[in-house]
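Here's the structure we're looking at; comments come further down.
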Amino acid sequence: MALDFDLIVIGSGPGGYVAAIRAAQLGLKTAIVERELLGGVCLNWGCIPTKALLKSGEVFEQLSHLGDYGLGVEKPSFDFEKIVARSRGVAKQLNQGVAYLMKKHKIEVIEGEARLEKGSPSPKVVVALKAGGARTVQAKSVILATGARAKVIPAIGLAPDGDRIWTYREALTPKACPKSLLVVGSGAIGVEFASFYRALGSDVTVIEALDRILPVEDEEVSKAAQKAFEKRGLKFRIGAKVTKLAATKSGVKIDLESGGKSEVLTAERAIVAVGIDGNVENLGLETLGVKLDRGHVVIDSHCATGVAGLYAIGDVAGAPWLAHKASHEAIHCVEHIAGVAGPDIAAPIPGCTYAQPQIASVGLTEAFAKKAGHEVKVGRFPFRVNGKAIASGELEGFVKTVFDAKTGQLLGAHMIGGEVTEMIQGFALAMTMETTEAELMATVFPHPTMSEAMHESVLDAYGRVLHL
Amino acid sequence: MTDILMPALSPTMEEGTLAKWNVKIGDVVKSGDVIAEIETDKATMEVEAVDEGIVDAILVPAGTAGVKVNTAIARLRGEDEAAAPAAAPAKAEAPASPAVPAPAAAKPVAAPAPVAAKADGASRVFASPLARRIADEKQVSLSGITGSGPHGRIVKADVENAKSAPAPAAAAPAAAAPPKPAATAASGQIPMIEQMGIPAGSYDLVPLDAMKKVIARRMTGSFRDVPHFPLTIDLEIDRLLDARGRINAALEKQGVKVSVNDIVIKAVALALKAVPDANASYTPEGIAMHHHADVAVAVAIDGGLITPIVRAAEGRTLADISKTMKDLAERARTRKLKAEEFQGGTFSVSNLGMMGIKSFNSIINEPQGCILSVGVGEKRPVVRGDQLAIATVMTVTLTCDHRVVDGAIGARWLQAFKGFIEDPVTMLA
Ligand SMILES: Cc1cc2nc3c(=O)[nH]c(=O)nc-3n(C[C@H](O)[C@H](O)[C@H](O)COP(=O)(O)OP(=O)(O)OC[C@H]3O[C@@H](n4cnc5c(N)ncnc54)[C@H](O)[C@@H]3O)c2cc1C
């Protein structure tokens, strides 16, 4: 049978739709299969709608500090329905944007749920069409970009119950703002929802099993973040294991165990944010012999699965579960398929948390760098002595940089504070270009900006900090 | 108080020797004053003050080697304490470090001309800063490495992979075995020589200074990578010696004394103009045909050698060449040359005649296409017609980079050179 396409992409999140666009740019005849909404989790249920909510929360929180700026309003208030409606509107707009991009690049969108069958040169793609019936298509290559979903542990009640126990999906579209909330898990997703609901006045407690919040971040950042959140009234249970979560008549109840002691917490609602599971089911992967590891597809350095013509990218292919990681793998994978020299798959991937204050990092934490055998030089610079930060009233946080003492390689950068998510790319660029401390010191940072703290942090690592 | 820090004279410099202080405690220093001299691999550089003030303390005494870049070497006291710069720390929270605004903290002292002594070759090599630094540390030449980054840019991984390339073959045959310094540069493992049968305690290990390392690296690289061959010719120099006598008599009043080597430099330059194909450098992008004869002359100095350059020698008078050479050689011996005075020649001359060497074969000074080895001028029997006669003869050997200068070009150049040397008047033509 003649091949229908050069490339079929399954899933249209930031992994899948970016892969499809790049393939079309390179002249490949491309199709994309989506069972739900174009744009995947990222645009519809993840990155974007959460940021819309967080913005509402952030603006509302600022209203209570207006006095600091010489301003005032009568009585700040919010309309929760409108906040959620705005978030949905934003998601919808971007979803339509992806539809436009597919059309513009002449990418065929096949609406339905895909499944794979053995085939050559690549597996056959059988789509159960949304409109009814099935369609089988085949291409030279297939990219699996089916994403992931919230991890659930039903055995101890860590699973949505359709009413009071939520995952991110339900937490994005509630009818009302809960008066009290328990968030299980203090990764980026848990912390962001906690930050949002707290900003609107909810009584929020975050429960973390490990010994600190945001466990992937540098320890100093975790500590500073907890302090800053506590100042805003967030509560934490650290090193606490959930033994049971259950809905009650009036709300939810959590049994905790920490340090040998047990505790019971109650609230109106709970959010389960304990991790991510890859969408690897019902795809026929077992029949094809695709290797899986803890719910994710195993790939090589070109995103190949080991099955002829089958590749996997994004959340379904493992951590870090980030949209830009999915897109980066998409570009690398498609360029590899097309025989074009693509970007280094091992490029440093920044990670951001959009709480108040924001957190952003790239590369190794200080502890990890040391564990990896580096002799390190560490620099820090607090925003409280940065002119722009003082003028803006955003005194929280700092920039920390970790260098290899021998080579001057920037191993990692860690920031907490206002707008740091917009600044981390500077260090990502530096790391990708393999600059050393010398180029970073020689770079002129504009004054007054928060970014000057990045410069100072580098200077500090080499004993040359200016404003401290 | 302002600390003066050990400056980095090149992007790769990590430490240097603080050779000399030109100021002492209590001296008033103005911005721009030369306050100290710092020695790196090939040059001594002057350190200029950036700030004004009174020298309050000298923290590193003159003669200290291995001073790390950015260590405080002296402290200046303000005549009236400088004001704090812009943003003063807010009083808000109790800071972890002292909240007092530091007055103009630690500024590095600007270095004069940066030393690029470690740049390999003339053609620009694209490499990430980190790759460059690691290559430098590992003593790996970037010019031999293929880059895997965008547009062939050399990245860290390329250098790290190159590092494990096979070492040059061991044990050269007894005859003319060249010393192999670069091969032994492996990370501080002294016993290498002992593994090769030299018993411990039977030798002293002199650490490699920066100059030795550069020589070892560049010479090893050149000898290994440049396909080179020698061409040897005898020159009769009686007429030259005679001319030299007369020239020196004429220049006596100016206090100039032209050496045979000065005349060799002039003849080299004119021969390069006559045969421009020999004034060339191989680069991967093409052959660089040089506009001027910038003649580099090897000068032996304590601890190594250096090749100061007589720029555009083709247009200079003998008196000028002589004066220039004298100044360069003197400053070379005291390591006071600026980087641009010993980097970037187009042709080299090495003369061991004064040591009685009859003929020898130098190693190409990359990226130059040729190097001329000049032997002793001595009376030798020569055959004229069918008669035996006595003449002052000097043997020279031209080593050529076959990628730019093939046998015929080399021979033509030697012919032209021989013409100028044996009949110096023709240099006036
Ligand atoms: C609440 C939340 C906030 C987040 N915030 C951020 C953030 O701020 N920054 C960031 O970088 N990342 C964030 N993420 C993570 C980010 O959303 C994911 O990393 C990203 O969406 C992964 O992209 P992907 O293309 O791999 O998969 P997805 O975006 O999950 O897309 C997969 C698509 O495949 C479809 N699909 C699955 N199976 C099939 C099938 N069999 N047939 C057809 N279609 C199928 C799905 O319907 C889905 O549309 C967040 C995630 C969540 C949940």
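Residue A:337 fails exactly one of the following numbered conditions: (1) in a loop (DSSP other than H, G, I, E, B); (2) more than 30 Å from residue A:154 (Cα to Cα); (3) more than 20 Å from the chain's Cα centre (by Cα). What is the number of that condition?
(1)
Pick out the one residue from A:441, A:433 that is under 27 Å from residue B:126 (Cβ atoms), at the interface with chain B (Cβ under 9 Å from one of its Cβ atoms) and open to solvent by 10 Å² or more (accessible area, probe 1.4 Å).
Details: A:441 fails: at the interface with chain B (Cβ under 9 Å from one of its Cβ atoms).
The unique qualifying residue is A:433.
Got at least one residue in the stretch B:285-300 being buried (at least 23 other Cβ atoms within 10 Å of the Cβ) and in a helix (DSSP H, G or I)?
No, because not a single residue in the stretch B:285-300 is buried (at least 23 other Cβ atoms within 10 Å of the Cβ) and in a helix (DSSP H, G or I).
Collect the residues in the stretch B:124-161 that are more than 13 Å from chain A (Cβ to nearest Cβ) and touching a Leu at 6+ places or on another chain (Cβ under 9 Å), keeping them in residue-number order. Give the derivation first.
As a first pass, look at the stretch B:124-161 and keep what is more than 13 Å from chain A (Cβ to nearest Cβ): B:124-125, B:139-146, B:161.
Scanning the stretch B:124-161 gives a single hit, B:125.
Given the conditions (1) surrounded by fewer than 17 Cβ atoms within 10 Å (Cβ to Cβ); (2) assigned by TED's automatic domain parsing to the domain that holds residue A:64; (3) at pLDDT 95 or above; (4) among the small types (Gly, Ala, Ser), which single one is not true for residue A:301?
(3)
For the stretch A:368-383, does any single residue satisfy the condition of being within 24 Å of the chain's Cα centre (by Cα) and away from every other protein chain (no Cβ under 11 Å)? I'd like the intermediate steps shown before the answer.
So in the stretch A:368-383, the residues within 24 Å of the chain's Cα centre (by Cα) come out as A:368-369.
Filter once more, keeping what is away from every other protein chain (no Cβ under 11 Å): A:368-369.
Checking the stretch A:368-383: at least one residue is within 24 Å of the chain's Cα centre (by Cα) and away from every other protein chain (no Cβ under 11 Å).
Just need a number here: residues in the stretch A:24-54 that are more than 13 Å from the ligand (Cβ to nearest atom) and open to solvent by less than 10 Å² (accessible area, probe 1.4 Å). First the steps, then the outcome.
Within the stretch A:24-54, the first condition is being more than 13 Å from the ligand (Cβ to nearest atom), and the residues that meet it are A:24-30.
When the remaining residues are screened for being open to solvent by less than 10 Å² (accessible area, probe 1.4 Å), the result is A:30.
Residues flagged as more than 13 Å from the ligand (Cβ to nearest atom) and open to solvent by less than 10 Å² (accessible area, probe 1.4 Å) within the stretch A:24-54 amount to 1.
Going by the structure shown, is residue B:359 surrounded by 15 or more Cβ atoms within 10 Å (Cβ to Cβ), not in a strand (DSSP E or B) and not β-branched (Val, Ile, Thr)? Full working, then the answer.
On the way: surrounded by 15 or more Cβ atoms within 10 Å (Cβ to Cβ): yes; not in a strand (DSSP E or B): yes; not β-branched (Val, Ile, Thr): yes.
So residue B:359 fits the description; yes.
List the number of the failed condition for residue A:389; all other conditions in (1) within 12 Å of chain B (Cβ to nearest Cβ); (2) within 16 Å of residue A:220 (Cβ to Cβ) hold.
(2)
Looking at the stretch B:252-270, is at least one residue under 21 Å from residue B:215 (Cα atoms) and hydrophobic (A, V, I, L, M, F, W, C)?
Keep residues of the stretch B:252-270 that are under 21 Å from residue B:215 (Cα atoms), which gives none.
No.
Taking the condition closer than 27 Å to residue A:18 by Cα and β-branched (Val, Ile, Thr), does residue A:84 pass? Lay out the reasoning, then the answer.
On the way: closer than 27 Å to residue A:18 by Cα: no; β-branched (Val, Ile, Thr): yes.
No, not satisfied.
Where residues in the stretch B:20-34 are among the aliphatic types (A, V, I, L, M), surrounded by fewer than 20 Cβ atoms within 10 Å (Cβ to Cβ) and part of a strand (DSSP E or B), which of them is farthest from the chain's Cα centre (by Cα)?
Our first condition is that a residue be among the aliphatic types (A, V, I, L, M); within the stretch B:20-34, this holds for B:23, B:25, B:28-29, B:34.
Next, from what is left, pick out any that are surrounded by fewer than 20 Cβ atoms within 10 Å (Cβ to Cβ): B:23, B:25, B:28, B:34.
Remaining after also requiring part of a strand (DSSP E or B): B:28, B:34.
Details: B:28: 35, B:34: 24 Å.
Result: B:28.
Residue B:341 versus (1) touching a residue at least 40 places away in the same chain (Cβ under 8 Å); (2) within 13 Å of residue B:296 (Cβ to Cβ); (3) open to solvent by 30 Å² or more (accessible area, probe 1.4 Å): which is the lone unmet condition?
The single condition residue B:341 does not satisfy is (1).
Among the residues of the stretch A:112-134, write down those that are open to solvent by less than 40 Å² (accessible area, probe 1.4 Å) and within 14 Å of the ligand (Cβ to nearest atom).
Matches in the stretch A:112-134: A:112, A:114, A:116, A:123, A:125, A:126, A:127.
Any idea which residue in the stretch A:410-431 is nearest to residue A:224 (Cα to Cα), counting only those that are modelled with pLDDT of 95 or more and not aliphatic (A, V, I, L, M)?
First, pick out the residues of the stretch A:410-431 that are modelled with pLDDT of 95 or more: A:410-417, A:420-431.
This time we only want the ones that are not aliphatic (A, V, I, L, M), so: A:412, A:414, A:417, A:421-422, A:425-427.
On the way: A:412: 18, A:414: 12, A:417: 10, A:421: 16, A:422: 19, A:425: 21, A:426: 22, A:427: 21 Å.
Checking each candidate, the answer is A:417.
Taking the options A:107, A:21, A:10, name whichever one is more than 8 Å from the ligand (Cβ to nearest atom), open to solvent by less than 20 Å² (accessible area, probe 1.4 Å) and away from every other protein chain (no Cβ under 14 Å). Show your work before the answer.
Details: A:21 fails: open to solvent by less than 20 Å² (accessible area, probe 1.4 Å); A:10 fails: more than 8 Å from the ligand (Cβ to nearest atom).
Exactly one of A:107, A:21, A:10 is more than 8 Å from the ligand (Cβ to nearest atom), open to solvent by less than 20 Å² (accessible area, probe 1.4 Å) and away from every other protein chain (no Cβ under 14 Å), namely A:107.
Give the residue, chosen from A:313, A:345, that is touching a Cys at 6+ places or on another chain (Cβ under 8 Å), at pLDDT below 95 and among the β-branched types (Val, Ile, Thr). Explain how you work it out, then say what you get.
Numbers: A:313 fails: at pLDDT below 95.
Only one candidate qualifies: A:345.
In the set A:401, A:421, which member is closer than 22 Å to residue A:351 by Cα, part of a helix (DSSP H, G or I) and away from every other protein chain (no Cβ under 13 Å)? Don't jump to the end; show me each part of the working.
Values: A:401 fails: part of a helix (DSSP H, G or I).
Every option except A:421 fails the conditions.
The values are calculated or read from the model by the stated rules, or taken from the named source; none is laboratory data. Everything quoted here is computed from the prediction, not taken from an experiment. Methodologically, a virtual Cβ is constructed for each residue, glycine included, from the backbone with ideal geometry; neighbour enumeration extends over all protein chains shown. To get the accessible areas, we keep the full protein, side chains included, count just its heavy atoms, and leave off ligands, DNA and RNA. Shrake-Rupley method; radii C 1.70, N 1.55, O 1.52, S 1.80 Å.
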